[in-house]
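What follows is a short report on a single structure.
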């Protein structure tokens with residue numbers, strides 16, 4: 001089994017193709033929508049939820065199937081391809097067509113036809129946590145995701161937005177030595193996690209004061 005290197009990549013300006021119109025395709029699309037607005041679902045019979053997303057302008061749908069995979073790949077030149085519906089006669093063909101075009105492909109539940117793994121995701125605002133098992137056990141990845149989700153502060157999105165707002169001033173603050181900044185960021189995050197909210201201005205300054213030269 002290959003060892004997959006975890007990497008976050010920008011897909012917003014690229015096309016993504018999802019071959020399949022069932023509930024598995026819908027689940028993939030829902031996760032992808034937070035990251036890639038240019039998604040096309042290729043299926044002769046997409047489910048009603050996918051059709052609804054198409055009518056809302058969130059995705060595109062094309063009524064074609066895997067027998068036309070090479071033509072479709074050439075037409076859309078996608079960055080990523082997902083195959084979600086089992087179609088054994090064409091799995092190898094789609095995989096080979098993607099490899100020949102240097103397109104990354106993920107075929108659900110078939111690691112041998114994957115160049116990347118779609119991890120189990122936690123997505124809260126700016127936070128993305130990806131959990132993978134290299135295709136060994138998606139069920140374990142899902143279980144770990146569920147356990148991690150319960151450990152996150154309810155206000156994690158607000159906390160991250162607050163920390164991001166501090167970065168420009170703190171990163172250029174000459175009174176905080178460079179070697180102390182990592183410890184300062186950890187202290188601010190620890191305090192916010194403990195309180196389950198962003199710190200108020202006086203609280204923030206009190207923490208920063210401990211790390212000034």
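All of the numbers you see were taken from the coordinates with simple rules; none came from a lab. The structure displayed is predicted, hence computed values, not measured ones. As a convention, Cβ positions derive from the backbone with ideal geometry for all residues, glycine included, and neighbour counts pool all protein chains shown.
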Exercise. Arranged by the count of other C-beta atoms within 10 angstrom, fewest first, what order do 108, 201 take?
Worked result: 201, 108
Seminar exercise, completed: Summing -39500 (n - 2.57) over every DSSP H run of at least 4 residues in the chain and dividing by its residue count gives a helix-only mean residue ellipticity at 222 nm, to the nearest 500 deg cm²/dmol, of -13500 deg cm²/dmol
For this session: Compute the long axis of helix 23-32 from its Cα atoms, compare it with the longest principal axis of the Cα atoms of the chain, and write down the angle in degrees, 0 to 90, nearest 10.
Result: 40
Seminar exercise, completed: Mean separation of Cα contacts under 8 Å (at least 6 apart) over the residue count of the range 1-118, i.e. the relative contact order in percent, is 26
Exercise. When the chain is modelled as a GNM with alpha-carbon springs shorter than 10 Å, which of 151, 120, 96 fluctuates the most?
Worked result: 151
Exercise. So for the pair residue 34, residue 58, with labels modelled 7 Å out along Cα→Cβ, what separation do we get in nm?
Worked result: 1.3
Exercise. When the chain is fully extended, how far beyond the present Cα-Cα distance does residue 124 get from residue 164, taking 0.36 nm per residue of separation?
Worked result: 13.0 nm
Exercise. For the Cα atoms of the chain, what angle does the longest principal axis make with the long axis of helix 88-100, in degrees from 0 to 90, nearest 10?
Worked result: 60
Seminar exercise, completed: Which of 134, 20, 125 fluctuates most in a GNM of the chain (C-alpha springs under 10 Å)? That residue is 125
For this session: Give the label of the value calculated from the structure for Rg/Rh (Cα atoms, Kirkwood Rh), choosing from (1) 1.27; (2) 1.03; (3) 1.09.
Result: (3)
Problem set entry | Highest-first arrangement of 193-199, 78-84, where packing means the average Cβ count within 10 Å | 78-84, 193-199
Exercise. So for the range 1-79, what are the equivalent ellipsoid semi-axes in whole Å, largest first, each being the square root of 5 times an eigenvalue of the Cα gyration tensor?
Worked result: 20, 16, 13
Exercise. Can you give the angle from 0 to 90° between the axis of helix 156-171 and the longest principal axis of the chain, with both taken from C-alpha atoms, to the nearest 10?
Worked result: 60
Problem set entry | FRET efficiency for residue 22 and residue 209, using Cβ-Cβ distance with R0 set to 41 Å, rounded to 0.05 | 0.10
Exercise. Build a GNM of the chain with springs between Cα atoms under 10 Å: which of 68, 104, 149 gets the top mean-square fluctuation?
Worked result: 68
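If you average the sequence gap of Cα pairs under 8 Å that are 6 or more apart and divide by the length of the chain, what percent do you get for the contact order? Before the final figure, lay out the partial values.
On the way: 271 pairs, mean separation 29.6, N = 213.
Relative contact order here is 14 percent.
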